[in-house]
Structures are given as structure tokens and as C-alpha cells.
Amino acid sequence: MIAALRNNINANFDRKQYENFLQGLQEDCQHSIDFRVAESPVFIPKQLQLKLESACQEIISTLQTAEFLEASKKAVPEGLNVKNVSSHSNFICIDFAICRDLNNELEPQLIELQGFASLFGWMNYLGNAYQKEFSITSQYTHLLGGLNQTSYIELLRRTILGEHNPSEVILLEIEPHKQKTRVDFHLTQALLGIEVVCLSELVQTEKKLFYYKNGKTVEVKRIYNRVIFDDLQNNSHFTYRVNLFDDLEVEWVSHPNWFYQISKYSMPFLKHAFVPETQFLNHVKEIPEDLENYVLKPLFSFAGAGVIIDVKESDIKSIKDPENWILQKKVTYTEAIDTPEGGVKCEVRMMYLWPDEDEKPTLAISLTRLSRGKMIGVNFNKDLNWVGSTVSFFEQ
């Protein structure tokens, strides 16, 4: 988005060099990367950065109010309420579309938010890789909040490990070796020294959880949770031996309830110039006549699943659980990134880390995705160039 830097990258782009860069990532990570890595990073101008940070601050303030915290408890589905909920989510991720305002200036518009972990290992690794590949000067950084490499890793360590030794903490997922995000699991394991464990590997003795490593029993005292409980509930073929809803002697980071409490469920509570008008579908008294300007979203879906972009009245009337859907004013992404093959849409996720003992969350890093399709995401950008996972660099 910073024209001089963008033009320089476009003018000097070499497809063979890019392919060598990808090969280097694969070899370095020792795992296949199952999502597309874009041809270049994004450079965020200062004015847009200030807008992103301002919107985040307002959203975070709302999420911390007593009124929201009480109301959001209703978001946790019956039967999925995990005991011993923490006082706050250890992760808050806020997704913005990059749009243009009436003055043709770049502005963010909120897409969704989540109280769930994101790719904190991968984004730092990829940022460092881009910085080296493109010889990006120290004037620009992929880290936020004044963090550097040392302080970012320490903040990530405090958030995930808490007061525990790495041997007492696991990254928990359903069949982690099959997940598209497994490269992030590998990087996190290498960075923090924690084990990546499949839910099926856990065993339970009364209130304690264990897994086996090298023939020895290891007690789990803290779980870096990557399990989406909706997926678990809907996966009838996956079997495991523990009851995650027992009163377990284990800490969660983040606690599973925050996945629901800080989610698309939060959006009707947010009022800001950079937050599109959003209503719970069961609160909509009259269906808008201009449905082409709205999008219909299930509250608890992941990676864009179930979202209806071109909404029809029949879509709304056919929904049997309107309390689990939102009707949101449609956001128009601008083709903010100029590439040798035309304009590309951009979405930026602002990612917070919140250690147990800290009074407030810290904006630490971002995740950026580029798209040509109707939606952001791998499934909507197959076989296209200049799209996929990338990194935003911010002016220091």
C-alpha cells in the first residue's frame, strides 16, 4: 500500500526467485505448508495503522465491560460449557477488511473477531523470512506494540506457558498432523519446547490428564488449546477417552468458552465507524429490501463456512435457528494491493496476547491474507497468483 515499496517489488519480481523462496520455507519448517504463501508482503501506511489500532482499542474496551461479559455468557452453547473459565481470553484476534471511505482513503472495516489462538508462531517466522528475502530495512516491522524479537517471544512464552515448565504444557488439537495449520504447531513446538498432542492420546485419571511420551506417563497441567469444540461435536468418527467437561485440574489457554464469547456473537454489541451494522437474525423485525447490501453469517463457523454472501429472503426464512445467525451490512473490500496481475483485496488480523497476570492484552503481531475471490480464504482463491498468506509490515 506504500506506493514506492509496492512499485519496487512489482518491478523486480521474479517467479523463479519466488519459487525458490517457497522451497526454502518448506525445507526450513520441515513440514509441508498446506496453504498458499503470497508473492510478497504488504506495507501498511501510518494513517491506516492508526485507524486499525484505534478501532481495536475501542473494540477491546467494549469486550472488557461488565455488561458485555455478562451478556456473552449466553453465547456458549448448551452442553459445551467447560468448567473453570478464566477471567479473560489469552488471545484476541480482530479481522478487518481494507476498504475505502467516501474520500477514497483507505480504512478498515471489521469482519469478525475471536477469543481463540491464531498463527502466532507462523506469522513471526514468515515475517522474518520476508524481511530477509526482500531486504526490508528496520524502518518497517511485522511486530506491533513496540515489541522486538526477544520481547515478542517472551510475551508468547508467558501467555502460553504461564508459570509452568514446557514439559507440563501441551498444544492440543484433533489429529494435528492432518491440520492445514500444522506448520504453526511445529514452529510453536520448536520455539517453546511444548509437545503437540492429539486429543485421542490423552488419558484421564479422576481430575488429572496425562499422555505417554517415550514410554513414560506425563501429566498435563496446562493446555494450549487449538481444538474447536464445534468440530469435535460434529466429528462422529473421531474417538477419545477423556471428558473435557469434568472439573479437571488443568489450565486452558485460552479457555474454550472464549471461542464463543468473543466471536461473531460480539459484533451486535460493537458500535464504531469501522464496525458495520450487525444484528442477531432473531432480532431483525423487518427483512431489509436491499438484501444485496447484507451478508448472512452463522455465529460459530470457522474459515468462512456457511456464510451467505448473496442473501435472498428465502435464505433468511429457511433458517431454523435465527438466534445463531447474524445479518451484517456488507463490507466492500477495495483492491488495495497493486500487483503485476492487477488489484488484490486485503484482510488484516490484529492479534493480541494476554498473559494470565497482565491487566490488559498486548497488540503483538498481525496476520494478512490476500484474495481475488468473493471471500478471503484458501477455498476461494484456488489456482490464483498474488493471493494467500502474507505479512503486513508497519512503519516504526
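The values are calculated or read from the model by the stated rules, or taken from the named source; none is laboratory data. A quick note: this is a predicted structure, and the numbers were derived from the prediction, not measured. Note: ideal-geometry Cβ built from the backbone for every residue, glycine included; neighbour counts use all protein chains shown.
Within segment 207-226, identify whether any single residue is closer than 23 Å to Asn257 by Cβ, out of contact with any Pro (no Cβ under 6 Å at 6 or more places or on another chain) and surrounded by fewer than 16 Cβ atoms within 10 Å (Cβ to Cβ), and answer yes or no. The answer is yes; a qualifying residue exists. Selection of first residues in segment 23-47 that are under 11 Å from Ile337 (Cβ atoms) and of second residues that are acidic (Asp, Glu) and modelled with pLDDT of 90 or more, restricted to Cβ pairs under 7 Å at least 6 apart or on distinct chains, gives an empty result. Would you confirm whether any residue within segment 238-251 is in a loop (DSSP other than H, G, I, E, B), hydroxyl-bearing (Ser, Thr, Tyr), more than 19 Å from Ala75 (Cα to Cα) and touching a strand residue (DSSP E or B) at 6+ places or on another chain (Cβ under 9 Å)? Yes - at least one qualifying residue is present in segment 238-251.
Of the residues contained in segment 63-82, none is found to be within 27 Å of Ala190 (Cα to Cα) and crowded, with 17+ Cβ neighbours inside 10 Å.
The number of residues in segment 290-309 that are modelled with pLDDT of 90 or more and in a loop (DSSP other than H, G, I, E, B) comes to 1. Scanning segment 209-226 for residues that are modelled with pLDDT of 95 or more and not in a strand (DSSP E or B) turns up Lys221, Arg226. Based on this model, can you work out whether Gln279 counts as within 22 Å of the chain's Cα centre (by Cα) and either touching a residue at least 40 places away in the same chain (Cβ under 8 Å) or under 30 Å from Ala11 (Cβ atoms) (or both)? No; evaluated as a whole, the condition is false for this residue.
One line per residue, one yes/no per condition, for (1) of a type outside the set (S, T, N, Q); (2) touching a strand residue (DSSP E or B) at 6+ places or on another chain (Cβ under 8 Å); (3) in contact (Cβ under 8 Å) with a residue 12 or more places away in the chain; (4) surrounded by fewer than 16 Cβ atoms within 10 Å (Cβ to Cβ):
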residue	(1), (2), (3), (4)
Lys285	yes, no, no, yes
Asp290	yes, no, no, yes
Leu296	yes, yes, yes, no
Gly306	yes, yes, no, yes
Lys312	yes, no, yes, yes
Ile326	yes, yes, yes, no
Glu335	yes, yes, no, yes
Val344	yes, yes, yes, no
Trp354	yes, yes, yes, no
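Counting only residues that are closer than 22 Å to Ser72 by Cα and crowded, with 17+ Cβ neighbours inside 10 Å, segment 314-324 holds 1 of them. Residue count for segment 89-115, restricted to those that are assigned to a loop (DSSP other than H, G, I, E, B) and surrounded by fewer than 22 Cβ atoms within 10 Å (Cβ to Cβ): 5. Annotation: of all residues in segment 317-372 being outside any strand (DSSP E or B) and polar (S, T, N, Q), the one that is modelled with the highest pLDDT is Thr334. Residues in segment 251-269 that are hydrophobic (A, V, I, L, M, F, W, C) and surrounded by 20 or more Cβ atoms within 10 Å (Cβ to Cβ) were compared, and the one that is nearest to Phe300 (Cα to Cα) is Phe259.
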